[in-house]
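Q: Before anything else, here's the structure in question.
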Amino acid sequence: MKLVFAGTPEVAVPALDALIASDRHDVVAVVTRPDAPSGRGRRLVASPVAQRAEEAGIEVLRPAKPRDEDFLARLREIAPDCCPVVAYGALLPKSALDIPAHGWVNLHFSLLPAWRGAAPVQHAVLHGDELTGAATFLIEEGLDSGPVYGVLTEQVRPTDTSGDLLTRLAFAGSGLLAATMDGIEDGTLQAVPQPAEGVSLAPKINVEDAQVDWAAPALRVDRVVRACTPAPGAWSVFRGERLKLVQAAPVPERTELAPGELSAGKNHVHVGTGSHAVELLWVQPQGKKPMRAADWARGVRIAPGEVLGAGAQGPTM
């Protein structure tokens, strides 16, 4: 089939690579978000998908909005058979959905109808799912509600961050998307409507959502840190400044610390929660690079009784 691939971030690149490598299909163009400012200089940088497409000599379309008439006209000229999608990042209007003969087929990182929305992997980690996966489905105008072509499953490991899990799903899902294109082409694959039961929503997790509530149980704190890593990054407040929590681990044997109370030893930093303590392993102070929590604690000289959390003050002198 003649394909136009739609995607933007690094997580979409493995699927693009799989389709480029396929001897059954021809990726003639990619659709991606416009170049975005990045780094301290805020210079415009092409998306990872755009960079990969340009390396492969593939035409890159960067519509400000996918309803733009110039973009729709070019898509009609190309006349793709199908448009595979991975994390494109914009809603597709019906005027675009109607152009390819076999529609737009999305690789979504959940077992639909669970976790429809922008952040399925983060919500799977946040809610303690033991099993997740990926699904390919035909995009309709509803939110991730279209009929499903295929699925794969993936275990959620106890120490998985969202970044860990998403990386595994991106590579496993690339094969699923390529196989879905094969099945659509030869007519052996039919999309099956999603069940009405079991629908859950996975809205984007923003910075405010990533603030740790130390009164919550340690299990919840651990899930928030892992779900928000690498983005948007779990955080708390220490001496009036934001402290990013890069890696933590439960310490079930320590129960005497109050919620948010810090206890620093030579090689550890423990924080109290609503149940037992957690150990901070890596942190990132405001304006600095990530560092081992024990090194950070030595540098700031944590005083007895100091706490993490909103309204926390420095030590009294």
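Q: Here are some residues: L61, L75. Which one is surrounded by 13 or more Cβ atoms within 10 Å (Cβ to Cβ), within 24 Å of M1 (Cβ to Cβ) and touching a residue at least 60 places away in the same chain (Cβ under 8 Å)?
A: After applying the criteria, what remains is L75.
Q: Now a separate question. Identify the single condition in (1) over 29 Å from L245 (Cα atoms); (2) touching a Lys or Arg at 6+ places or on another chain (Cβ under 6 Å); (3) surrounded by fewer than 21 Cβ atoms within 10 Å (Cβ to Cβ) that D144 does not satisfy, given that it satisfies every other one.
A: (3)
Q: So which residues in region 86-111 are part of a loop (DSSP other than H, G, I, E, B) and out of contact with any Ser or Thr (no Cβ under 7 Å at 6 or more places or on another chain)?
A: A90, L91, L92, P93, D98, I99, P100, A101, H102, G103, F109
Q: Within region 124-138, work out how many residues are open to solvent by less than 20 Å² (accessible area, probe 1.4 Å) and in a helix (DSSP H, G or I).
A: Adding up the residues that qualify gives 2.
Q: To continue, here is another question. What number of residues within region 7-27 satisfy the criterion of being under 22 Å from P63 (Cβ atoms) and surrounded by fewer than 16 Cβ atoms within 10 Å (Cβ to Cβ)?
A: Result for region 7-27: 1.
Q: Against the definition (surrounded by fewer than 16 Cβ atoms within 10 Å (Cβ to Cβ) and either among the β-branched types (V, I, T) or under 26 Å from T153 (Cβ atoms) (or both)), how does K204 come out, yes or no?
A: So K204 passes the test.
Q: A further question follows. Confirm whether V151 is open to solvent by 20 Å² or more (accessible area, probe 1.4 Å), of a type outside the set (G, A, S) and touching a Gly at 6+ places or on another chain (Cβ under 8 Å).
A: Yes: the conditions hold for V151.
Q: So if I check each of P290, P285, which one is within 26 Å of the chain's Cα centre (by Cα), open to solvent by 50 Å² or more (accessible area, probe 1.4 Å) and under 27 Å from T167 (Cβ atoms)?
A: The match here is P290.
Q: Please enumerate the residues belonging to region 125-155 that are farther than 25 Å from A234 by Cβ and charged (D, E, K, R).
A: Once the filter is applied, which keeps residues that are farther than 25 Å from A234 by Cβ and charged (D, E, K, R), region 125-155 yields E140, E141, D144.
Q: Pairs please, first residue from region 86-111 and in contact (Cβ under 8 Å) with a residue 60 or more places away in the chain, second anywhere and basic (K, R), Cβ atoms under 8 Å, 6+ apart in sequence or on different chains.
A: Between residues of region 86-111 that are in contact (Cβ under 8 Å) with a residue 60 or more places away in the chain and residues that are basic (K, R), the close pairs are Y88/R33; G89/R33; S110/R116.
Q: Collect the residues in region 215-224 that are part of a helix (DSSP H, G or I) and either closer than 16 Å to P259 by Cα or more than 15 Å from the chain's Cα centre (by Cα) (or both), keeping them in residue-number order.
A: Of everything in region 215-224, those that are part of a helix (DSSP H, G or I) and either closer than 16 Å to P259 by Cα or more than 15 Å from the chain's Cα centre (by Cα) (or both) turn out to be A218, L219, R220, V221, D222, V224.
The values are calculated or read from the model by the stated rules, or taken from the named source; none is laboratory data. All values reported here derive from a predicted model rather than from experimental measurement. Please note: Cβ atoms are built from the backbone with ideal geometry, for glycine as well, and neighbour counts cover all protein chains shown. When the accessible area is computed, the model is the full protein with side chains, heavy atoms only, and any ligands, DNA or RNA have been set aside. Shrake-Rupley method; radii C 1.70, N 1.55, O 1.52, S 1.80 Å.
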